[in-house]
Structure formats: C-alpha cells, structure tokens
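S.K.: The structure's right below; bear with me while I get my questions together.
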Amino acid sequence: MGEAGMLRKAMGFMVSNPLSGVVGVLALIVVVASLLSENFLNSYNLVIIARSLAFIGMITIAQSMLMILGELDLSLGAIGGFCGVIGGILMVKLGLNPWLAFALCLVIGALFGLLNGLLVTLLRLPSLVLTIGMAGVYGGLNLVITKGVAITGIPADIGFLGSGKWAGLPVPFWIMLLFLVVACFITLKTPFGRYMYAVGSNLSAARMLGIRADRVRLGVFAFAGFLAALAGMLMVARLGSAQPSIGDSWVLGPIAASVIGGVPTTGGIGTPLGAIFGAAIIGVIENVIVLLGISPYWQSMVSGAIVVIAISLDSISRRYFKRD
Amino acid sequence: MKIVKASLALALGILASAGVASSTLAAEGPGTEKHDSYRFVVVPKVVHPWFDKVNQGAQQAAAAIKAQTGSDVEIQYSAPQSANVAQQNEIIERAISTRPDGIIVDLLDPSGNRTVLEEAQEQGIPITLFDSINPEGMNLTTVGSDFCEQAEMAANRLIELLDGKGKVAIMMGVPTAPNHAERARCAQAVFDAHEGIEVVATGVDNDDINTAQQQASAIMQANPDLDGWVASDAAGPVGIGQAIKEADKVGKVQLVGLDDLSQMLVLIKEGVADSSSASRPTMQGYWSVINMWQLATGAITPNHIDTGNVMITPDNVDSFME
C-alpha cells in the first residue's frame, strides 16, 4: 500500500470513528498546554494528572454507563464520601481488618447504588430528581456521623492503594484503567451491554422486545455505586484520613466529561472510553490553568469556556463527518 | 631535606585551605544565600475575600524584599474553587510541578494534606503554613494567630455588653474546618463558664453570607428574646448583621463579629455590630512571604510567628478601612 493509500485509510478511520473528535481535541489541548507551560510535560506533572484522572475517572465511568441508559445519578459523589467515612469508622473506631473494611465498603456502595436504582424503577421516579434527594440523604448522614470532623489514623496497610505507584504511574490510575476495561467489555461485548443501549435508546421498545429493562437499570445503578465507593475508599487511602468532604467535587464534572466524550444525557449512544477522554480533557485544562498561574477568579470561566469550545468542536466535526 | 620541605609545604597547604574554609564558612552562614529572583506559590483554603487580604500582604512583602534587596519576588496565588481537601491537594501538587522556591499553604485538614506536603519536601521545596497547625510529626513554620483566643475575645466582649446576663447564639462556619470548629468550641466554653449566659441556638453558615443571613433570621424568629451573637467564620457576622437590620433589631440584638472583611467594618461604622475580633490576614500573608524568603536564603526560621488578634471597635475602625 502506498503512502496515499495509508493516508486515505487513516482519514477513513478518523471519519468513521466516533472517538476521533474527542481524541483530536485532547491532542490539541495537550500540544497547546505543552507549548504554554514548560512544566506541563515533566514526569511529576504527568503523574499528578494521571492520579487526578483516576478518581474523577471512576465516577465518570459510572456516570457514563448510567447515561447510556438515559439515567443520571447525582448522588455518586455523596456515596463515595459516605462510604469513605464508613470505611474510616470500620477501620479506626471498630478496629476491623483494613482489607475487609475496604471490601465491605465496596459492597455497601453497591447497595446504595442498588437502593437508588430500586427507587427509580419501583417508584418510576426521574433519576435526576431522586438522586439529588439521595445525595442530601447520604451527605447528611455523613455529617451526622462525623459532625464534620475527619476520621484520622487510617491504617497504613491500604496507603499503597491511594499513594503508591506501579510502573511509574499511580496505583489508583491502574485501578481506574482496569475498571475502564471491565466497563467497556460489559457495554460493548456482552448481551447485557446491548440491552443497555436498547433501554437507553427506547425504554418502551426494549420492554416490548422482552428485555428486562428494570434489571438492566438496577445492575448499572449498583455497579455505579460500587465504583463510587471504590473512588471514595481510594481517596481515603490517598489522604490517610476519611474526610467528610470527599466526593463534593465529583458531581457535575463526570457528567460534563461524558457529554464531551460523546455520551449524551438522552442515552443510547457513546462509550465509557469516550467519557474518559472527556474527563482527560477537563483534567488537562484544570491542570494547565493552575500551571499558568491564571487568577483563581478567572479559572472557572476559562475552564468552562474551553469545555464549551471542546464540545462545540466535537459536535461540528460529528456533523461534518456524520460519524454518529 | 626534600622530605622536610615537602612536609612543610603540605602543612602550609593544609593551614591555607583551613583558612580559606573558615572564611567561606563565615560568608556562608545562615541567611547569606542571595538569589536574583524568587517565586512563591500561595495556596489558601478557598477563593474568599479573607484570603485576598492574605494575598495583598504577600504582594506587599514581595515589594518590600525587592525594595530592600533588589531581588524580584513573584507571588503566584492559586486558590481552590471549593473548600475541599482533595482539590487543595491537587492545587499543591500542580504547584510542586512548577518547581517554585517555596509554597505557602493554609491547610484545610492537616491529616488530609500531609501526603502532598511530604511530596513537596521530597522534591526539595520549602513550605510555610499560615492560619493552620502542623500535621502530626511535621515541623514547618506556622504563621498566624490563636483561633481560640480570637473566639474568647469575642465571647468575653459580648458578655461585657450584656452585663453578664442574656441569651446568645453562635454561628458556626464550615463544620469540617478545624479553625471554625475550634472557635465555636472556645466561644461555647466561655459562655458555659458564665452562669447568666445561655446559648440558645447554633447555626451553620458554611462560610457563606447568604446562608448566614437565612440562618440568623430563622434563629431570631425562633428566639425573639435573643440578646447577642458571635460567629466562627468571616462570612457569618456579615450575614447576621444583615439579618439584624432586616428584623429591625439594631441595638436590641448585640453582634460581636469576626475578622475584618470590608462589609464587617461597614457594619461597625453603621452601629449594627459593636465590634469584631479580628485576625490579621494581611500580616499573615506578609510574614509568610518573609519567612519563605528567609528559608530560601538559608536562614533558620522560628517554629511559629504569632500575628496576633485585634479587637476592632468604632474607635479604631477607620484605621482598618484605609
């Protein structure tokens, strides 16, 4: 194959691949960031970008799977924070083995997610409104139990999970990658995944086809709760204390990341992989505006504007190349 | 003979090098390293007017160092958008990756911030803390005032205003912020020690003026015989003052505020608040930078620099408004 043929093939791949827009935008932002800040590409900075992406990435994977179903869970951050506090109590106050406490908290997180799913499916409530309420419940319980004070003295045994590195990258980043692979496998390679897209595209039609839509929704809500608890517990391991404020900033970012990555709130299309690229775009922007020393009063405006530009570029490229 | 000469030369050489070494030591004592420029990063708890004053003080110190030594000092102010320890850690990590000459931090939670502070130390970047305490086992210079003393000053002033008898309320700031919690605890302890004083309500304003106003209005509705207020955060008394004005209770409900935000000073001028027990954020920023600069010159710095608290009253409020 000649050079022209290879170029045509590469162009064809870009035109047909729904992720090419978001990957292109990410590449552009990385190039601009590395030109603007000499510190952007240093190994320490890349590690902190990876670590930051790990935590928000886990919530983004969870939220993107829910969004494929056409659902949202705004209580994932609160579940993460509350499970972190429960983990702190189990380990510090009750003296439970830290690994057992860690595992228990993941189960509790999955149960909280399942509870959200049950309330959505049984009561036929819109997940957006219901999970706003549940975020208040989990966040409120967190404050009632802790009185707002962090639980310190988390056993050092689990510290490696939050602060350690493997092959030069933070352990939480590897864990996030593992669950990204699991999430992509579930959504793209299993019948369950196909049911998710069917439910997200048209719930009534999916039911008429015999898909047990509520079971699919419950499964995804429980998995999302599990991932939120995992992110919360890894943050506890990272900080060495169970902070009541863990998860406060995990609400809107993952939704924006998913939309940027091609998962609309209306459901039925997109992948967790695309959503992670969206999260990486937000993470890099947030990183570089601090490296550049932009005034904190301008930071929200600048990062918000760049996110809008990123979504617009992706949308324009989708329309132009008709990739959807 | 050759051996004698060689020994003599060696001895003279050793003596000469010892002399050179001693004169170098004299020139390289603590605080004698000089740099043409310094860059310090200031990381407060959150975007907030109180920390703008810290930044102001930091900029003043940078100008003072430039005037006195000719060295350029750049202050990079990098504030988290919300009071979240994980977010603050990310800001500190990003600051570390720019390799500054020092990082000045107000810790949201000493235990939660510890890991990144250790990372900064591993990277050889000095740290100065302001308005916060050292994480357990660390020995960084802290700059600031005594939170408990500040709250006790306010509580005692309110007791004096009420002649030792009355019903009072305490406005908490952010329940998870250790300094807010400590101020509330110390104010409560002062009130508990006075038999005639009864604490009838405690509000939580999350360091937000609107929330403080709503909470204060509701508490005054529920306790129409309330006599006075103290607060644990800077936003709290501003909201309380607005609620007192709205309820038309100026002069009937006493307010002893906290810190020196411009709105607080206006409330004192208007007579809505009696006074305010203030820490000195500008001074904290100033001395944090001076301490950081001294560390960069190789000086050994103290464990703590106390910037003190001051009571702002109608008599001295004008000097704070300048």
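S.K.: Provide B:E122, B:E149 ordered by accessible surface of protein heavy atoms (probe 1.4 Å), highest first.
M.R.: From most accessible down to least: B:E122, B:E149.
S.K.: If you count only protein heavy atoms and use a 1.4 Å probe, how large is the accessible surface of B:F40, to the nearest 10 Å²?
M.R.: Looks like 0 Å² after rounding.
S.K.: Next question. How much accessible area is lost when chains A and B come together, counting both sides, with a 1.4 Å probe, in Å² rounded to the nearest 100?
M.R.: Looking at A and B, the buried total is near 2500 Å².
S.K.: When the Cα centres of segment A:234-273 and segment A:169-233 are compared, how far apart do they sit, in Å?
M.R.: The distance from the Cα centre of segment A:234-273 to that of segment A:169-233 comes to 14 Å.
S.K.: Looking only at chain B, where both bridge partners belong to it, what percent of the DSSP beta bridges are antiparallel (to the nearest 5)?
M.R.: That works out to approximately 10 percent antiparallel.
S.K.: Here is a follow-up. Filter the trypsin sites (Lys or Arg not before Pro) in segment B:210-269 down to the DSSP loop ones having no more than 14 other Cβ atoms within 10 Å, then list what survives.
M.R.: B:K252
S.K.: Okay, moving on. Note the full-extension length gain between A:L36 and A:V107 as 0.36 nm times their separation in residues minus their Cα-Cα distance, in nm to one decimal.
M.R.: Here the answer is 21.1 nm.
S.K.: Decide, for the protein assembly as shown, between rounded, prolate and oblate: order the square roots of the alpha carbon gyration tensor eigenvalues as a ≥ b ≥ c, take rounded if a/c falls under 1.5, and otherwise choose prolate if a/b is larger than b/c, else oblate.
M.R.: oblate
S.K.: Continuing with this model, one more query. Restricting to DSSP H runs of at least four residues, report the calculated mean residue ellipticity at 222 nm for the protein assembly as shown, -39500 (n - 2.57) per run over all residues, nearest 500 deg cm²/dmol.
M.R.: Value at 222 nm, helices only: -20500 deg cm²/dmol.
S.K.: Per 0.36 nm of contour for each residue apart, how much would the distance between B:E195 and B:D163 grow if the chain were fully extended, relative to their Cα-Cα spacing?
M.R.: Value of the extension gain: 10.3 nm.
S.K.: Indicate, rounded to the nearest 5 percent, the antiparallel portion of the DSSP beta bridges found entirely in the protein assembly as shown.
M.R.: In the protein assembly as shown, DSSP labels about 20 percent of beta bridges as antiparallel.
S.K.: Starting from the residue with the highest accessible area, list A:R51, B:R157 in decreasing order, probe 1.4 Å.
M.R.: B:R157, A:R51
S.K.: Please tell me which of these pairs span more than 21 angstrom C-alpha to C-alpha: B:K167/B:K252; B:K249/B:K269; B:K167/B:K245; B:K53/B:K249; A:K147/B:K53; B:K165/B:K245?
M.R.: Pairs exceeding the cut-off: B:K53/B:K249; A:K147/B:K53; B:K165/B:K245.
S.K.: Let me ask something else about it. Taking each residue in A:243-252, count the Cβ atoms of any other chain within 10 Å of its Cβ, then average. What number comes out?
M.R.: So the per-residue partner count for this stretch is 5.
S.K.: As an exercise, use a Förster radius of 60 Å and the Cβ-Cβ distance of B:D315 and A:R212 to find the FRET efficiency, rounded to the nearest 0.05.
M.R.: FRET efficiency, B:D315 to A:R212: 0.20.
S.K.: Not counting ligands, DNA or RNA, and with a 1.4 Å probe, what is A:V23's accessible surface area in Å² rounded to the nearest 10?
M.R.: About 60 Å², ignoring ligands and nucleic acids.
S.K.: Just checking the output field for A:230-240: average partner chain Cβ neighbours within 10 Å of each residue's Cβ?
M.R.: Averaged over the peptide's residues, the number is 2.
S.K.: Within segment B:243-257, whose backbone N sits under 18 Å from a point 7 Å along Cα→Cβ of B:K269?
M.R.: Residues B:245, B:257 qualify, since their backbone N sits under 18 Å from the label point.
S.K.: Sort segment B:147-279 into rounded, prolate or oblate with this rule: let a ≥ b ≥ c be the square roots of the eigenvalues of the Cα gyration tensor; rounded if a/c is under 1.5, and if a/c is not under 1.5, prolate when a/b is larger than b/c, oblate otherwise.
M.R.: Rounded shape, in that the Cα axes give a/c under 1.5.
S.K.: Using only protein heavy atoms and a 1.4 Å probe, report how much of B:Y38 is accessible, in Å² to the nearest 10.
M.R.: 10 Å²
S.K.: Give the Debye-formula value of log10 I(q)/I(0) at each listed q (0.10 Å⁻¹), with one equal scatterer per alpha carbon of segment A:21-321, two decimals each.
M.R.: -0.54
S.K.: Kindly identify residues of segment B:165-211 having a loss of at least 10 Å² in accessible area between the isolated chain and the assembly of all protein chains, probe radius 1.4 Å.
M.R.: B:P175, B:T176
S.K.: Run the simple label-point estimate for B:E246 and B:Q68 please: 7 Å along Cα→C-beta, distance reported in nm.
M.R.: Placing both labels 7 Å beyond Cα along the Cβ direction yields 4.7 nm.
S.K.: So, one more: Could you check which residue among B:V46, B:V256, B:V143 shows the biggest mean-square fluctuation in a GNM of chain B with a 10 Å Cα cutoff?
M.R.: Comparing B:V46, B:V256, B:V143 in a Gaussian network model of chain B, the most mobile one is B:V46.
S.K.: What shape does segment A:137-232 take by its C-alpha gyration tensor, where a ≥ b ≥ c are the square roots of the eigenvalues and a/c under 1.5 counts as rounded, a/b above b/c as prolate, and the rest as oblate?
M.R.: It comes out oblate by the Cα gyration axes.
S.K.: For chain B, count all C-alpha to C-alpha pairs, find those more than 24 Å apart, and express that count as a whole percent of the total.
M.R.: Summing the P(r) tail past 24 Å for chain B gives 58 percent.
S.K.: Need one value for B:109-122: mean number of C-beta atoms belonging to other chains within 10 Å of its residues' C-beta atoms.
M.R.: That works out to 4 on average.
S.K.: Taking only C-alpha pairs under 8 Å that are 6+ residues apart, what is the relative contact order of segment B:71-226 in percent?
M.R.: Value for segment B:71-226: 16 percent.
S.K.: From Cα pairs below 8 angstrom and at least 6 apart in sequence, can you work out the relative contact order of chain A, rounded to a whole percent?
M.R.: 34 percent
S.K.: Determine the per residue accessible area of the protein assembly as shown with all protein chains present and a 1.4 angstrom probe, expressed in square angstrom.
M.R.: Per-residue value: 43 Å².
S.K.: Starting from the amide H of B:G257, placed 1.01 Å from N in the peptide plane, find each other amide H under 5 Å away whose residue is 5 or more places distant or on another chain.
M.R.: Long-range HN contacts for B:G257: B:D274, B:S275, B:S276, B:S277.
S.K.: For the full complex of protein chains and a 1.4 angstrom probe, list B:R280, B:R99, B:R39 by accessible area with the highest value first.
M.R.: Output order, biggest surface exposure first: B:R99, B:R280, B:R39.
S.K.: Please turn the phi angles of segment A:68-74 into ³J(HN,Hα) values with the Karplus equation 6.51 cos²θ - 1.76 cosθ + 1.60 (θ = phi - 60°), one per residue in order, whole Hz, x for glycine and proline.
M.R.: 4, 6, x, 10, 9, 10, 7
S.K.: What distance in nm lies between label points placed 7 Å from Cα along the C-beta direction at B:N210 and A:I309?
M.R.: 3.0 nm
S.K.: Report, by chain and number, residues whose modeled amide H sits under 5 Å from the one on B:A231, excluding near sequence neighbours (fewer than 5 apart, same chain).
M.R.: Correct list: B:M171.
The values are calculated or read from the model by the stated rules, or taken from the named source; none is laboratory data. Just so you know, these numbers come straight off a predicted model, no measurement behind them. FYI the Cβ positions are ideal-geometry reconstructions off the backbone, even for glycines, and counts take in every protein chain you see. Surface areas here come from the heavy atoms of the whole protein model, side chains and all, with no ligands, DNA or RNA. Shrake-Rupley method; radii C 1.70, N 1.55, O 1.52, S 1.80 Å.
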